[in-house]
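Notes for the one structure printed next.
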Amino acid sequence: MLVGCLWQYDHLVTVSLGGTFNVFSASNPDQEPVTFAGHLKTVSSLVFFPQSSPRTILSTSYDGVIMRWILGVGFGGRLMRKNNTQIKCFAAVEE
């Protein structure tokens, strides 16, 4: 079930209830979307760093897990926290 979407530059990002998100190309709608899966709970927020090298996405889920994704590579790792409390709002800066 689709629970959210985001228009980011030339990409449309959709988030599903099952913990996956898809990145669609707006300039080439016939291209297959890039699918990211790794969360066990609902994805609650995404942050995209288009200027970073490599380009990175951070995602958080209902259970407090923060995942790092590297575009072109895929899974980049799980960011460890002291406690995995629920994250309702998430913001990040490139530094």
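The values are calculated or read from the model by the stated rules, or taken from the named source; none is laboratory data. Quantities reported herein were computed from a predicted structural model and do not represent experimental measurements. Cβ atoms come from the backbone with ideal geometry, glycine included; neighbour counts cover every protein chain shown.
For segment 70-83, does any single residue satisfy the condition of being surrounded by 14 or more Cβ atoms within 10 Å (Cβ to Cβ), in contact with a strand residue (DSSP E or B) (Cβ under 8 Å, 6 or more places away or on another chain), part of a strand (DSSP E or B) and at pLDDT 80 or above?
Yes: one or more hits.
When residue 41 is tested against (1) within 16 Å of residue 4 (Cα to Cα); (2) not in a loop (DSSP other than H, G, I, E, B), only condition (2) is not met. Set side by side, the residues 45, 61 differ, and just one is in contact with a Lys or Arg (Cβ under 6 Å, 6 or more places away or on another chain) and of a type in the set (S, T, N, Q), which is 61.
When we screen 45, 25 for residues that are surrounded by 13 or more Cβ atoms within 10 Å (Cβ to Cβ) and either of a type in the set (D, E, K, R) or under 17 Å from residue 60 (Cβ atoms) (or both), the only hit is 45.
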